[in-house]
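The values are calculated or read from the model by the stated rules, or taken from the named source; none is laboratory data. Computed from a prediction, not measured in an experiment: that's the story for all the values here. Glycine gets a Cβ as well: all are built from the backbone with ideal geometry, and neighbour counts include every protein chain shown. Quick note on the areas: whole protein, heavy atoms, side chains included, nothing else; ligands and nucleic acids left out. Shrake-Rupley method; radii C 1.70, N 1.55, O 1.52, S 1.80 Å.
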Amino acid sequence: MAELGSKGVTAGKIASNVQKKLTRAQEKVLQKLGKADETKDEQFEQCVQNFNKQLSEGTRLQKDLRTYLASVKAMHEASKKLTECLQEVYEPDWPGRDDTNKIAENNDLLWTDFHQKLVDQALLTMDTYLGQFPDIKSRIAKRGRKLVDYDSARHHFEALQTAKKKDETKIAKAEEELVKAQKVFEEMNVDLQEELPSLWNSRVGFYVNTFQSIAGLEENFHKEMSKLNQNLHDVLLGLDKQYSGNAFPVKAQPSDSTPAKANKSPSPPPDGSPITSPETKTVNHELEPSTLEAPGASIPKSPSQSSLPAVVVETFPAAVNGTVEGGASSERADMPPGFLFKVQAMHDYTATDTDELQLKAGDVVLVIPFENPEEQDEGWLMGVKESDWIQHKELDQCRGVFPENFTERVQ
């Protein structure tokens, strides 16, 4: 019997809930159609808008903070691998071996401490802050449902009062339901009216505390990391001093007689025109040399290759039917020693060093090989302006380097 009674209560409760949902649905339809007025509270609606905005901002901050923490962890792992690599390559008999091990250990501890404090002082606080929103959001939704119940009870009571045939029993019962619905709604409404503005104003202090904590932790972390980096720098400086005589040469040293040209890439032409790269071809059995490859080419041509064709031309002149073809040889006889080919300046070039040629658009330059091929930088040629050569026949005072991409090969 008790079990049957319990089932009866449950069934009655389910039926009551279903009836409430139907009544609310009908009330909302009537309100949307304009056939029933709706209780409005603009101040509360503004509080709800602020609440939704605050929730959206907090959720985004939580997401970005988690991303930041993941990045810190990734940097920790990368830093750890880098210090482990240093420990592996650092020979046991090198000075400062124990110091590098201690620095690596402190580096790992510093990253670990930084990450943990970010979790404790920022992420957990963030989670606690956002933890209050689901309950309030649920109460806001429930308040909305109770407001519909109140409006429905009010409309039902008003309809019975204005009916032509009044039923006092029904009116009394409707009035009782109205008072009950109004009481439930107002209790929830009053609580939320107090909590929502307070929650909205609390966001300022929360943002200040959160970002101050992050900034303070970062400041302290970088200070301590700076000390470790300075210690590592001092250890490596001591190693460098002890083994300074075994420095590994990065590039070949220039000759003592001629100052080396700075290793730099030539500036692009003003109009950004591409560099011309004529093909290698054979005419009268003479091999025409190619220009240096353009800057940025995948396989740059070595300077020694540039000087080779001049030797071939002078040593092996062309022959036709057993006689020497004199046209090319007689032309080269008037050219500078080792003459390779001619180029014409397509753009003005202002020399930035004493060993560079000053070019004007239209100037013809006679290209010659470098005395020391190791001094040639990629994208630069050695030459003398044709006008200077005709006038002076001197190389020492007239020759200079110039960027290849400011010129074009003259066939």
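A compact table of results
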| item | result |
| --- | --- |
| Enumeration of residues in region 162-177 that are part of a helix (DSSP H, G or I), within 24 Å of Ala25 (Cβ to Cβ) and out of contact with any His (no Cβ under 8 Å at 6 or more places or on another chain) | Lys170, Lys173, Glu175, Glu176 |
| Candidates Leu82, Leu65, Leu55, Leu118 - the one that is open to solvent by 70 Å² or more (accessible area, probe 1.4 Å), assigned to a helix (DSSP H, G or I) and not charged (D, E, K, R) | Leu82 |
| Out of Gln46, Gln54, sole residue that is touching a residue at least 12 places away in the same chain (Cβ under 8 Å) and either polar (S, T, N, Q) or on the phi < 0 side of the Ramachandran plot (or both) | Gln54 |
| Some residue of region 371-392 being open to solvent by 40 Å² or more (accessible area, probe 1.4 Å) and at positive phi | no |
| Qualifying residues in region 171-192 (those that are of a type outside the set (D, E, K, R) and under 12 Å from Ile136 (Cβ atoms)) - the one surrounded by the most Cβ atoms within 10 Å (Cβ to Cβ) | Leu192 |
| Number of the exception - Pro95 against (1) part of a helix (DSSP H, G or I); (2) open to solvent by less than 80 Å² (accessible area, probe 1.4 Å); (3) within 30 Å of His222 (Cα to Cα); (4) not acidic (Asp, Glu) | (1) |
| Matching residues, region 131-166, being surrounded by 15 or more Cβ atoms within 10 Å (Cβ to Cβ) and of a type in the set (A, V, I, L, M, F, W, C) | Phe133, Ile136, Ile140, Leu147, Val148, Ala153, Phe157, Leu160 |
| Flag if Leu236 is at pLDDT 90 or above, open to solvent by less than 80 Å² (accessible area, probe 1.4 Å) and aliphatic (A, V, I, L, M) | yes |
| Every pair of residues 6+ apart whose Cβ atoms lie under 9 Å, when the first sits in region 225-240 and is in contact (Cβ under 8 Å) with a residue 60 or more places away in the chain and farther than 14 Å from Pro95 by Cβ while the second is surrounded by 14 or more Cβ atoms within 10 Å (Cβ to Cβ) and of a type in the set (A, V, I, L, M) | Met225/Leu110; Leu228/Ile103; Leu228/Leu110 |
| Which listed residue, of Thr100, Thr125, is part of a helix (DSSP H, G or I) and open to solvent by 30 Å² or more (accessible area, probe 1.4 Å) | Thr125 |
| Of residues in region 94-118 being of a type in the set (S, T, N, Q) and without any contact (Cβ under 8 Å) to a residue 40 or more places away in the chain, the one nearest to Ala78 (Cα to Cα) | Thr112 |
| Members of region 364-407 that are among the acidic types (Asp, Glu) and out of contact with any Pro (no Cβ under 9 Å at 6 or more places or on another chain) | Glu371, Glu386, Asp388, Glu394, Asp396 |
| Test for Thr125: is it in contact (Cβ under 8 Å) with a residue 24 or more places away in the chain and closer than 27 Å to Val235 by Cα | no |
| Residue count, region 35-52 (criterion: at pLDDT 65 or above and open to solvent by 40 Å² or more (accessible area, probe 1.4 Å)) | 11 |
| Among (1) open to solvent by 80 Å² or more (accessible area, probe 1.4 Å); (2) modelled with pLDDT of 95 or more; (3) not aromatic (Phe, Trp, Tyr) - the single one Gly216 does not satisfy | (1) |
